[in-house]
Amino acid sequence: MFYALHEAALRGAAPLRIVSEMSRAFWRSPINPASGSSLGRTFYASADFIANLTRRYAKPAWGIDQVTIGGRAVGVTGETVWRSAWAGLLRFSRDGADLEAAGAASGGPAVLIVAPLSGHFATLLRGTVRTFLADHDVYVTDWSNARDVPILEGRFDFHDYVDAVGEMLRQIGRPAHVVAVCQPGPPVLAAAALMAEDGDPMRPASLTFMGSPIDARRSPTVTNRLAEERPFSWFQERMIDTVPPPYPGVFRRVYPGFVQLYSFLSMNLDLHQAAHRRYFDNLVRGDGDSADRHREFYDEYMSVLDLTEEFYLQTVDVVFQRHLLPRGELTHRGRRVDPAALTDIGLMTVEGEKDDISGVGQTQAAHGLCPHVPDALRELLVQPGVGHYGVFNGRRFAQEIYPSVLDFIAQCEAALPGRRSGLSAGRGLVESALPRRRAA
C-alpha cells in the first residue's frame, strides 16, 4: 500500500514541480535583468529546492569517459560484457594508445568491484571505479532494479546472488581481484569459498572487503540492533510491498528503495538538513561550485532501486539475525559454506574508525574465518577518522586507503603463479593472531 501512496504523492506533486521548474528557468535566464540580483538568486534557490524535492531521481549515468594517468587524459570505454535479468557485468576499458602516451602499461590486473545491492545503484561507486582505473582493468556488478524485472523472470534471492558473483568471475576469464563494498561481503566470501573448494581456476586472486558485515555481532551499530531487536515477521509485514503499475515488475513483491533511503536519511537527519541549508545559501550567494558538488552527491544519493522480497528477507535472516556465515552454518544449494577452504586467495579487510553502518570488527572477522590464507597474502586496515562512505569513496579513500589496496593487489598478483607450486599449502593466522594491522 505504501508503494502506491508514494507513487501517488509523486504524481500529485507534478503540477508543483512543473511550476517550480518554470520559475527556476525564469530566474536563471540570462535575458532576465534581475537574475543576477540577490532577490533573483533567492527566488531561483527557492524554486530549485522545491523542484528537487518533488522530482523523481532516475538511475544516474556513469559518466566515466576518461581518467588521468601520469598527468595525461586516458580515454575510457564502458561496455556490458555479460547480463542476466538480474545483473550485468560492466567492463571499463582504458584506451591503449592513451596509456602508451602516458607511459603506463596496458592491461593490468583484473579487478571486479562488487557493488552493494542495498538500495542504491552501482553508480554510487563511480569515484571508486575512477580510482581503480588508474592501475587496473576494472569490472563492476550492475544490479537490476527489481521493479523493472517482469515477474515472469522468477525469483532472485541470496543464493542467486552467490551464483551471480561466481558466474561473473568466470566471465572475466582470468583470476580477478574482488573488491566487495559493504553488503556483498558475506555472499562474496561464500562464492569464493565454494569456488576454492571446487578448485575452480577462475576463483579470485584476492578478496578485499570494505565495510562489510561479515560478522554483524561485532561492534553492533543502530542498523544491526534494529535487525536483531525486531522479529523476522516485523520485516515481512512492514518492509515489503507490491510494485504498482506501470512498472515492468508490476505485482512483484519488493523491499522498496525509497524505504531504505528514508531510513538512511532519518539516521543523520540533522546532517542532511544542514547540507540543504548550505546548498540554499550557496545558491543565494552565487557559489556555483559548492552548489554543483551538493547536487552531484544528492543526485546519486537520492537515486534508489528496489530489492526482491526474497533477497532482502534472506539477508536480514542469514546475515543480521542468525549470523550463519560466522557461525559456520551457512549452506548453499545443499552444501555447507566453508571459508577455511581459502588457501591461495589473498584477503584484505578495510574498515573505517567512525563507520556507523558496519562497526569496526565486523569486516576483519573474515580473517578468523579463513585460517589457511598465507600470512603473506593478508592485510588488515582500520582507517582513522573515516565513516562508512569514506571507506570506499572520496578524497581520503583515494589518497590514504587506495595505495594500501594497490600494494596488496600487486602482492597477490605476483603470487598467482605459485597457486600450482605449493602456495596453497601455506597456513595463515588464526583469529587469536590476526595479520599485520595497518592504521593509515
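Worth pointing out:
- Residue match in segment 198-208 (condition: surrounded by 15 or more Cβ atoms within 10 Å (Cβ to Cβ), β-branched (V, I, T) and under 18 Å from the mean Cα position of the chain (by Cα)): yes
- Residue under evaluation W82, criteria (1) within 22 Å of N145 (Cα to Cα); (2) at pLDDT below 90, criterion not met: (2)
- Checking D299, D317, D338, D306 one by one, the residue that is surrounded by fewer than 19 Cβ atoms within 10 Å (Cβ to Cβ), under 26 Å from R147 (Cα atoms) and at pLDDT 95 or above is D317 and no other.
- Selection status of L261, assigned by TED's automatic domain parsing to the domain that holds D157 and not in a loop (DSSP other than H, G, I, E, B): no
- Extreme residue, surrounded by the most Cβ atoms within 10 Å (Cβ to Cβ), among residues of segment 209-227 that are in contact with a strand residue (DSSP E or B) (Cβ under 9 Å, 6 or more places away or on another chain) and assigned to a loop (DSSP other than H, G, I, E, B): S212
- Flag for R56 being assigned to a loop (DSSP other than H, G, I, E, B), among the charged types (D, E, K, R) and at pLDDT below 90: yes
- Pick from segment 85-112, criterion in a helix (DSSP H, G or I) and among the charged types (D, E, K, R), ranking: modelled with the lowest pLDDT: E100
- Any hit, segment 289-300, residues being over 26 Å from E237 (Cβ atoms), touching a residue at least 60 places away in the same chain (Cβ under 8 Å) and of a type outside the set (D, E, K, R): yes
- Flag if G154 is at positive phi, modelled with pLDDT of 95 or more and surrounded by fewer than 24 Cβ atoms within 10 Å (Cβ to Cβ): yes
- Considering only residues in segment 40-81 that are touching a strand residue (DSSP E or B) at 6+ places or on another chain (Cβ under 7 Å), buried (at least 17 other Cβ atoms within 10 Å of the Cβ) and touching a residue at least 60 places away in the same chain (Cβ under 8 Å), the one that is farthest from W27 (Cα to Cα) turns out to be V67.
- Qualifying residue in segment 274-294 (condition: over 30 Å from R218 (Cα atoms), in a loop (DSSP other than H, G, I, E, B) and not β-branched (V, I, T)): yes
- Pairs with Cβ under 7 Å, 6+ apart, first in segment 245-265 and more than 12 Å from Y312 (Cβ to Cβ), second modelled with pLDDT under 95 and not in a loop (DSSP other than H, G, I, E, B): F258/H6; F258/V304; L261/V304; L265/H272
- Options T221, T242: the member that is over 20 Å from D338 (Cα atoms) and assigned by TED's automatic domain parsing to the domain that holds G387: T221
- Where L271 falls short, out of the listed (1) among the aliphatic types (A, V, I, L, M); (2) without any contact (Cβ under 8 Å) to a residue 12 or more places away in the chain; (3) in contact with a helix residue (DSSP H, G or I) (Cβ under 8 Å, 6 or more places away or on another chain): (3)
The values are calculated or read from the model by the stated rules, or taken from the named source; none is laboratory data. Remember, it's a predicted structure, so these values are computed and weren't measured experimentally. Glycine also receives a Cβ, built like all others from the backbone with ideal geometry; neighbour counts cover every protein chain displayed.
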